[in-house]
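A.B. asks: Pasting a structure below so you can have a look.
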Amino acid sequence: MDTFAIPFIVLMLYDIPFVYYQVFTFVRSFRYSRVKVKPVEVQTSLVDPPLVSILIPTKGEDKELIYNTISKLNGSDVSKSFEFIVISDDPEDYVNDLKRMLSGFSNVIVLRREKPRGFKACALQYGFERSRGKYVITLDVDSVVSPEHILEAAKYLETSGCDAVTFRWMGYTNCLNLTSLGLLISTNLVSRALFLGRFGDKFAAFPVGSGTMFRAESLRRIGGWDCDVVQDDLDVGARMIAEGMRICPLDLPIYVEVPSSLRSFIIQQSRWALGTGETLRTNGRKILGAKISIIKKLDAIWYLLQYTPIFAALLAMTYLALVVLIYPKFSPPLWLFALWVVSIGLYGMTYFVESRGLEYPKLLKIRALGRISSFSAATSFYMMMGFINGLRNRKVYRITPKGRNSARLGRFLPKTPLILGSIMMASSLRALLELNFISFLWLLYYGLAMIYTVYIAVKEG
């Protein structure tokens, strides 16, 4: 074996199995739908339903959006079992206006943190300390969920012995384009694979940032949310898993708005990657030392490493491009290339299986898949830096701009993808001149992804 090939093989053998694992859990998920909801049964299933505290943190959000979210949840007979707690980090005038708008609801409390500390997690803790519910659910202001499903989740917690349950994320958009459509489908796919599929294999689920319901007593046992962390859901989940608590996913949908621009996508994914790095740094040892099986420990760590395969692929392609520029006949093994091609094909298959219920033209779905695949490859550098910042305890928190707010981000030129894409394209052409087709095709794929992403960034600006 060519010694030049070893680093490339190692990096790609770290990346490719993650894809196969996601495909496997996606397929397995169809066997493990935990709840089939029938709203009529829900309304009569609990004679005396427990109080559910709904925590809604907000900063700079449209007041009409907050009102509409609460109004929809309050428009049901089951809402008598809800307590809404809005936690705002906004100016006093904003909060007073919001209180007036919501004054018609007797079950709504609007709290203002005069001296905001920390990030979203600290706002949630502030609301939790003032809540009265037996169960607590977190919601973002742009999330859409059925009130009957909230009560169904409470019912499941009453009887299952779980310490928390997660709803299944389903994407929606108010600004349809190729970016938002691709992210809508991939959000649905990843949610199914990482939650229902993994839980079906008896692995622990992690909470989601919007749409997780907790037993209040279980939250108190771990001290609630940590004010010093960026990613509230992962940190709470890691501490619950370390304590041997059960987090169970339900096949109950919560609709979350997906980004509609490249810049918004980078902001979101960089923050999430930072959160996984931070959680791994602060809770990795706790998970490894927990009184749970070795398999569950490794799976939880694996979950927190979910961004690292993307980094491995980026490093592998960068390495390949540089080597081929110097030694244009260098070619990775054919069997590795075949494994990668099959993994790409299988992921595409799961994408289209998940998209079957969406009434969009097939060609549009294909174009959306191409765009999101390109974005994932090209923006992996920003995700890698976010993850490293989390490991280094360098906190950066930016709310993901969505819908119309995406247009306010201004011009953005992704310089690193431009540089890497240019190197990969030059290297692929050099490989082609030497009839080195494996290196040519591999570098062409990633190089085009980089250049296309830069083109979209310029176009959006």
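The values are calculated or read from the model by the stated rules, or taken from the named source; none is laboratory data. Computed from a predicted model, the values in this text were never measured in an experiment. Here Cβ is always computed from backbone atoms with ideal geometry, including for glycine, and neighbour counts include all displayed protein chains.
A.B. asks: Would you mind finding the one in R411, R398 that is outside any helix (DSSP H, G or I), in contact with a Gly (Cβ under 8 Å, 6 or more places away or on another chain) and at pLDDT below 95?
C.D. replies: Working: R398 fails: in contact with a Gly (Cβ under 8 Å, 6 or more places away or on another chain).
Only one candidate qualifies: R411.
A.B. asks: Please verify whether V42 is part of a loop (DSSP other than H, G, I, E, B), assigned by TED's automatic domain parsing to the domain that holds H149 and at pLDDT below 90, treating the condition exactly as stated.
C.D. replies: no
A.B. asks: Sort out which residues of segment 70-96 are within 26 Å of the chain's Cα centre (by Cα), of a type outside the set (D, E, K, R) and farther than 14 Å from N107 by Cα, and write them in order of number.
C.D. replies: I87, S88
A.B. asks: Related question: May I ask you to verify whether Y14 is modelled with pLDDT of 90 or more and outside the structural domain of A204 (by TED's automatic domain parsing)?
C.D. replies: For Y14, the condition - modelled with pLDDT of 90 or more and outside the structural domain of A204 (by TED's automatic domain parsing) - is met.
A.B. asks: Filtering segment 1-20 down to residues that are under 27 Å from the mean Cα position of the chain (by Cα) and crowded, with 16+ Cβ neighbours inside 10 Å, which residue is farthest from G345 (Cα to Cα)?
C.D. replies: Once the filter is applied, the top-ranked residue is L11.
A.B. asks: Also, quick follow-up: Which condition number in (1) modelled with pLDDT under 95; (2) surrounded by fewer than 19 Cβ atoms within 10 Å (Cβ to Cβ); (3) in a helix (DSSP H, G or I) is the one that S33 fails?
C.D. replies: Every condition holds for S33 apart from (3).
A.B. asks: Sticking with this one: Of these, L314, L320, L325, L334, which one is more than 26 Å from L418 (Cα to Cα) and in contact (Cβ under 8 Å) with a residue 12 or more places away in the chain?
C.D. replies: Result: L334 is the single residue among L314, L320, L325, L334 that is more than 26 Å from L418 (Cα to Cα) and in contact (Cβ under 8 Å) with a residue 12 or more places away in the chain.
A.B. asks: Residues to consider are L183, L151, L178; find the one that is touching a residue at least 12 places away in the same chain (Cβ under 8 Å), over 18 Å from I366 (Cα atoms) and of a type outside the set (D, E, K, R).
C.D. replies: The conditions single out L151.
A.B. asks: Kindly indicate whether G357 is at pLDDT below 95 and surrounded by 15 or more Cβ atoms within 10 Å (Cβ to Cβ).
C.D. replies: Taking the combined requirement at face value, the residue does not satisfy it.
A.B. asks: Taking into account only those residues within segment 197-209 that are at pLDDT 80 or above and aliphatic (A, V, I, L, M), which is farthest from F167 (Cα to Cα)?
C.D. replies: It comes out as A205.
A.B. asks: If you take the residues in segment 224-252 that are among the acidic types (D, E) and closer than 21 Å to N188 by Cβ, which one is nearest to the chain's Cα centre (by Cα)?
C.D. replies: D233
A.B. asks: Could you please let me know if Y327 is surrounded by fewer than 19 Cβ atoms within 10 Å (Cβ to Cβ), more than 27 Å from A205 (Cα to Cα) and in contact with a Pro (Cβ under 7 Å, 6 or more places away or on another chain)?
C.D. replies: Answer is no for this residue.
A.B. asks: Name the residues in segment 83-97 that are among the hydrophobic types (A, V, I, L, M, F, W, C) and at pLDDT below 95, would you?
C.D. replies: Of everything in segment 83-97, just one residue is among the hydrophobic types (A, V, I, L, M, F, W, C) and at pLDDT below 95, namely V95.
A.B. asks: Go through D251, D232 for me and flag whichever is surrounded by fewer than 17 Cβ atoms within 10 Å (Cβ to Cβ), within 22 Å of W169 (Cα to Cα) and among the charged types (D, E, K, R).
C.D. replies: Selected residue: D251, the only one of D251, D232 that is surrounded by fewer than 17 Cβ atoms within 10 Å (Cβ to Cβ), within 22 Å of W169 (Cα to Cα) and among the charged types (D, E, K, R).
A.B. asks: In addition: Tally the residues that are in a loop (DSSP other than H, G, I, E, B), of a type in the set (A, V, I, L, M) and in contact with a Gly (Cβ under 8 Å, 6 or more places away or on another chain), restricting the search to segment 216-249.
C.D. replies: 2
A.B. asks: From the residues in segment 159-183 that are among the β-branched types (V, I, T) and surrounded by 24 or more Cβ atoms within 10 Å (Cβ to Cβ), which one is nearest to V256 (Cα to Cα)?
C.D. replies: Out of the qualifying residues, it is T166.
A.B. asks: When you scan segment 280-298, do you find a residue that is in a loop (DSSP other than H, G, I, E, B) and within 16 Å of the chain's Cα centre (by Cα), even just one?
C.D. replies: No.
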